[in-house]
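These notes are about the structure you will find just below.
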Amino acid sequence: MPASSFHFAPRRPLGRTGFVASPLGIGDLADRSAPFDSMVATLRRALDAGLNVIDTAPAYEDGLSEQVVGAALAGRREGVFVIDKIDHPDAPVTPQVMESLGRLGLDRPDLLVFHNVSDLALWQRIIAPGGPMEALGKCLRRGLTRFRGVSSHHPEVLLAALESGTCDVVMLPLGPFCDARYADQVLPRAKALGVGVVAFKAFGAGKLLGDTEGYGRPIGTAGAVPSHPVLPRLAVAECVRYVLTHDPDVALLGLSNPDEQDAAFEAAAHFEPMDPRELLEVRRRAEEAIRGKGEVWWNP
């Protein structure tokens, strides 16, 4: 796999963690239809370009993502911030963490977050006395992680998480087709509190870039994703520029091939903020690009 010609230096601390992160992060690359070595090489290509934040979860291809991350980090763990997740907050926390460590083959991830907490009642159970957040705190004190947080598809949950004081990092949707409250309310509140912000959904689960219901699933019940555009699309560079204009600490991108990586790297390397008119125009076009492509689960 050809090496990227881009190289990114760490930009700023990820909230109060003290880790100095690259502006782009590496999202989930797992795909059971792809050769394992190819996925590892793709992830390492992003590391070679200077990206130093990696996101994974047990739910991503039933643990395959964690295995890819572990293989890619063999011999090069130092200086990389690894995010992993707890998929089932109502189940015992520590066994889930230990299973993830087994798949990763690492002593610990840097950050463990409760995954996709998008219901206020669930969040309240997580932070209740003696609840899952306390259990995660025990894992932290045992050295099984360095930091803790939450990922969510609901701005009200994220605001409640920030006010709880229990999160070192929050993970949130931020892109041309995302609820405006993520950018207008959650992001500035997190920065004011010194909580790190890792953004995802820049490409709208791929819906903004192609004719898919998300993550490569063809529209409808049969047939392949067309190789040529049928419905409106945005470009990788437009989505990346839109997200970076809002200035999260890290923008996670799931870029599964060198061409997509280089398009994103080019946009980030030559980034100039969008003005308000450009932001509005990209949002308008995103509404067209996502229409007819299934559920938008990250907007309440």
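The values are calculated or read from the model by the stated rules, or taken from the named source; none is laboratory data. Quantities reported herein were computed from a predicted structural model and do not represent experimental measurements. All Cβ positions, even for glycine, are placed from backbone atoms using ideal geometry, and neighbour counts span all protein chains on display.
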Could you list all residues from region 86-96 that are under 15 Å from Tyr60 (Cα atoms) and assigned to a loop (DSSP other than H, G, I, E, B)? Asp87, His88
So Ile83 clears everything in (1) within 19 Å of Pro109 (Cα to Cα); (2) assigned to a helix (DSSP H, G or I); (3) under 17 Å from the mean Cα position of the chain (by Cα); (4) of a type in the set (Val, Ile, Thr) except one condition, right? Which one? (2)
For residues that are surrounded by 14 or more Cβ atoms within 10 Å (Cβ to Cβ) and out of contact with any Leu (no Cβ under 8 Å at 6 or more places or on another chain), scanning just region 13-30, find the one that is farthest from Leu51 (Cα to Cα). Gly15
Among the residues of region 97-110, is any acidic (Asp, Glu), surrounded by 19 or more Cβ atoms within 10 Å (Cβ to Cβ) and part of a loop (DSSP other than H, G, I, E, B)? yes
For residues that are farther than 23 Å from Gly102 by Cβ, at pLDDT 95 or above and not in a helix (DSSP H, G or I), tally how many sit in region 23-65. 7
From Thr94, Thr145, residue being of a type in the set (S, T, N, Q) and out of contact with any strand residue (DSSP E or B) (no Cβ under 9 Å at 6 or more places or on another chain): Thr94
Name the single residue that is nearest to Arg283 (Cα to Cα) among those in region 162-203 being surrounded by fewer than 24 Cβ atoms within 10 Å (Cβ to Cβ) and of a type in the set (Lys, Arg). Arg181
Given the criterion surrounded by fewer than 20 Cβ atoms within 10 Å (Cβ to Cβ) and under 18 Å from the mean Cα position of the chain (by Cα), identify the matching residue among Asp62, Asp37, Asp48. Asp62
Subset of region 11-22 (residues that are assigned to a loop (DSSP other than H, G, I, E, B) and either closer than 15 Å to Val82 by Cα or over 18 Å from the mean Cα position of the chain (by Cα) (or both)): Leu14, Gly18, Phe19, Ser22
In region 145-173, anything of a type outside the set (D, E, K, R) and in contact with a Leu (Cβ under 7 Å, 6 or more places away or on another chain) is listed as Thr145, Phe147, Gly149, Ser152, Val157, Leu158, Ala160, Leu162, Val169, Val170, Leu172
I'd like the residue in region 1-28 that is among the hydroxyl-bearing types (Ser, Thr, Tyr) and out of contact with any strand residue (DSSP E or B) (no Cβ under 8 Å at 6 or more places or on another chain) and, out of all such residues, is farthest from Glu260 (Cα to Cα). Ser5
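Applying the selection to region 22-46, what residues are acidic (Asp, Glu) and in contact (Cβ under 8 Å) with a residue 24 or more places away in the chain?
If the condition is that a residue be acidic (Asp, Glu) and in contact (Cβ under 8 Å) with a residue 24 or more places away in the chain, then Asp28, Asp31 are the ones that fit.
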